[in-house]
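Accompanying notes for the structure given below.
The values are calculated or read from the model by the stated rules, or taken from the named source; none is laboratory data. Bear in mind that the values here come from a model prediction, so they are computed numbers and not experimental data. Cβ: placed from backbone, ideal geometry, glycine included. Neighbour counts: every protein chain shown.
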Amino acid sequence: MRDRSSYQLPGASANGTAYAETFVRRAHDLVGRGYATLIPAQFACAEEEDITGELVRAVDAVLDKVCVPRWMRWFSIHEEPRVPGLARQGKRRRRLDIRIDSSQNLPRARLQFEAKRLGSNHGISVYIGSEGIQRFLDGRYAHDDAFAGMLGYVQEGGPDEWAVKIEQAMKSNATKLCLCPSGCWRREKPIVGLSSIFRSGHNRPTVGQPIEIFHTLLLFN
């Protein structure tokens, strides 16, 4: 598990795939632990950047605790890291919302997250649009990765209600979103602090490799 295939999708070794799945689940475990320390109602009208900042701070605080599982010592979380690319350099580089890294193996495994509010004036079209999930599909984000994450900050209604809306929108735009027939929307096993996690598979013809996207819906109302 020393090369990039160590955290890519099937097509790599069975050990590599198992490592990738474990890493992704642990990254979400950290998000859940951080989220569990927040008071959701305090963010019912908060801006996306404010919620993201507090969520990152909370996860970072979890990582600083003494009594945590040993695997956490390899993990770190980063707010708005710049995305490298030849087309954009210096200050013009895009800013990702959140990235969680693990240095347990080299090269380091990374999971990139894009966050979007879900509520009044913040609907599904933005979530699945060019400023949302499509940043992963066209390779602007996670170009070389096999996994990525979407965080939906639910400020109106409930997570499962929004999950249905996202699923319907994705199926209605299956071609545009390059949705894999065998990897359509499905629910993932709950993680401590996270009960609404879903997953979708997408082909990326312009990138040259598919991507699995995890959708985590967090209640903030």
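Structure data summary
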quantity	calculated
Scope region 175-192; condition surrounded by 17 or more Cβ atoms within 10 Å (Cβ to Cβ) and assigned to a loop (DSSP other than H, G, I, E, B); matching residues	Leu177, Cys178, Trp185
Residue satisfying condition, being hydroxyl-bearing (Ser, Thr, Tyr), within 29 Å of Gly34 (Cα to Cα) and surrounded by fewer than 17 Cβ atoms within 10 Å (Cβ to Cβ), within set Ser200, Ser195, Ser172	Ser195
Of all residues making up region 53-83, the number that are touching a Ser or Thr at 6+ places or on another chain (Cβ under 6 Å) and either assigned to a helix (DSSP H, G or I) or free of Cβ contacts under 8 Å to residues at least 12 places away in the same chain (or both)	2
Residue in region 106-119 that is out of contact with any helix residue (DSSP H, G or I) (no Cβ under 7 Å at 6 or more places or on another chain), free of Cβ contacts under 8 Å to residues at least 60 places away in the same chain and surrounded by fewer than 19 Cβ atoms within 10 Å (Cβ to Cβ) present	yes
Count of residues meeting criterion [in a helix (DSSP H, G or I) and surrounded by 15 or more Cβ atoms within 10 Å (Cβ to Cβ)] in region 26-52	15
Matching option when the condition is of a type outside the set (Lys, Arg), surrounded by 17 or more Cβ atoms within 10 Å (Cβ to Cβ) and either farther than 30 Å from Ser172 by Cα or out of contact with any Leu (no Cβ under 8 Å at 6 or more places or on another chain) (or both), among Ala142, Ala61, Ala148	Ala142
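Matching residues to (1) part of a strand (DSSP E or B); (2) among the charged types (D, E, K, R); (3) within 18 Å of the chain's Cα centre (by Cα):
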residue	(1), (2), (3)
Val126	no, no, yes
Phe136	no, no, yes
Arg140	no, yes, yes
Leu151	yes, no, yes
Lys171	no, yes, no
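Listed here are the residues, each with its yes/no results for (1) of a type outside the set (Val, Ile, Thr); (2) modelled with pLDDT of 95 or more; (3) over 18 Å from the mean Cα position of the chain (by Cα).
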| residue | (1), (2), (3) |
| --- | --- |
| Val164 | no, yes, yes |
| Ser182 | yes, no, yes |
| Trp185 | yes, no, no |
| Lys189 | yes, no, no |
| Leu194 | yes, no, no |
| Gly201 | yes, yes, no |
| Arg204 | yes, yes, no |
